[in-house]
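Just below is one structure, and these are the notes that go with it.
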Amino acid sequence: ASRAHQQNIIPVIDTALKDAKINKYQFSAIAYTIGPGLLGSLLVGSSFAKAMAYSLEIPIIEVDHLQAHVLANFLSKPGEKKKIPEFPFLCLTVSGGHTQLLKVNDYFEMQYLGGTIDDAAGEAFDKAAKILGLSYPGGPIIDKLAKEGNSKKFHFSIANLPDYNFSFSGLKTSFLYFIRDNLKTNPNFIQENLADLAASIQYAIIKSLTNKMAAVLKNYSCRDIVLAGGVSANSALREAMQLLAENEKRNLYLPSIDLTTDNAAMIAVCGYYKFIKGNFSTL
Ligand code: KG4
Ligand code: ZN
């Protein structure tokens, strides 16, 4: 990942500048991801951002990866009339590395209500996909396969932790054992049941997420609910959360699909809100 960042950072920035029809001398500041994430990749980004800001004599701004996922909900495309959530709102951030329930009071004041004690939701998707012999990242592949499958065909029980916490490692293990046992009697078990397996494991992951969101809604009266992170691209999760929001008379806000997984625009929007506050960092 680190090497790929090194190879791609200059061509990516070049292309972004050309697409946006601006040049680097028009920058007011440079925002970069400080973490959490893979250290090697973060180092490439921070070194590049600092060097460029230093040479252009403009400020640098540190951005938290997870705050940026939440604030991706404030982005719209040119000409698009996207409604934005009102503070305070409740947010479920679901990515490859994190699963968190937050009460978001302001752009940078996010109260942690609960989260995963082991694997993240995206990790659960990716590990299930790996067990099925699918490629990485498995989340989007499971999402697609599940559309053709029966989510009630196989039952995988979900952990019910106290408070607003999640656990996905038990689900992964029971899925692994279930597949292994069935392969013993039928070597074609996966191929013959691929769509149903994808739909059933996806159902269990989503059920765990919606159950906890429902529990939060019982105790918090915020009118707006928001999804964030790579897994918020999942079509069945978007539908299930929409249903929950309607039943609970809340408004659901979803980021555009291309802004759900890691992207630079969400870092920029976070940088923008810090810029107007003058919240700069040092080299
Ligand atoms: O936010 P993100 O791009 O990176 C992290 O910060 O981790 O999230 C990546 C995760 C991966 O686990 C990927 O499988 C999952 O998001 N993902 C999905 C879908 N699209 C991406 N999971 C389920 N359904 C999808 N459509
Ligand atoms: Zn992310």
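Which FRET efficiency value, to the nearest 0.05, do you get for residue 24 and residue 82 by plugging their Cβ-Cβ distance into 1/(1 + (r/R0)^6) with R0 = 22 Å?
Efficiency at R0 = 22 Å is approximately 0.20.
Check the straight Cα-Cα distances from residue 184 and name the lysines below 30 Å, setting aside those fewer than 8 residues away within the same chain.
Partners within reach: 127, 130, 144, 147, 152, 153, 172, 207.
List the aspartates and glutamates whose Cα sits under 18 Å from the Cα of residue 277, skipping any in the same chain fewer than 8 residues away.
Leaving aside aspartates and glutamates fewer than 8 places away in the same chain, those within reach of residue 277 are 62, 64, 106, 109.
Quick one: Kirkwood hydrodynamic radius for the range 1-153, alpha-carbon pairs, angstrom, one decimal?
It works out to 18.5 Å.
Once the other residues with Cβ under 13 Å from the Cβ of residue 235 are scored (Lys, Arg +1; Asp, Glu -1), what is the net sum?
With Lys, Arg at +1 and Asp, Glu at -1, the neighbours total 0.
Over the chain, with the other protein chains present, what is the accessible area per residue in square angstrom, probe 1.4 angstrom?
For the chain, the per-residue accessible area is 52 Å².
Which aspartates and glutamates does residue 249 reach when only Cα atoms under 12 Å apart count, and residues fewer than 8 places away in its own chain are ignored?
The reachable aspartates and glutamates, counting only those whose Cα sits under 12 Å from residue 249, are 224.
How many percent of the accessible area of the range 170-283 is carbon or sulfur, using a 1.4 Å probe?
It is 55 percent, rounded to a whole number.
Starting from the alpha-carbon convex hull of the chain, give the projected area averaged over all orientations, in nm².
Taking a quarter of the hull surface, the average projection is 16.4 nm².
Kirkwood hydrodynamic radius, the range 169-230, all distinct C-alpha pairs: what's the number in Å?
So the Kirkwood estimate lands at 14.2 Å.
Cα centroids of the range 70-107 and the range 164-185: how far apart, whole angstrom?
31 Å
To the nearest 20 Debye, how big is the dipole of the range 97-239 about its Cα centre, given +1 on the beta carbon of each Lys and Arg and -1 on that of each Asp and Glu?
It works out to roughly 320 debye.
Can you list residues whose amide H is under 5 Å from residue 279's amide H, if they're 5+ apart or on another chain and H is modeled 1.01 Å from N?
Here the answer is none, since no amide H 5 or more places off falls under 5 Å of that of residue 279.
Applying a 10 Å radius around every beta-carbon, put 191-201, 10-20 in order of their mean neighbour count, most first.
Most protected by this proxy first, the peptides run 191-201, 10-20.
Which is farthest toward the positive dipole end of the range 85-209 among 111, 199, 98, measuring Cα position about the Cα centre, with Cβ charges +1 (Lys, Arg) and -1 (Asp, Glu)?
In the range 85-209, that residue is 199.
Using a Gaussian network for the chain with springs between C-alpha atoms less than 10 Å apart, which of these wobbles most: 262, 106, 143?
Maximum among the listed residues: 106.
The values are calculated or read from the model by the stated rules, or taken from the named source; none is laboratory data. Here the structure is a predicted model, which is why all the values come from computation and not from measurement. As a convention, Cβ positions derive from the backbone with ideal geometry for all residues, glycine included, and neighbour counts pool all protein chains shown. We work out accessible area using only protein heavy atoms, side chains counted, and drop any ligands, DNA or RNA first. Shrake-Rupley method; radii C 1.70, N 1.55, O 1.52, S 1.80 Å.
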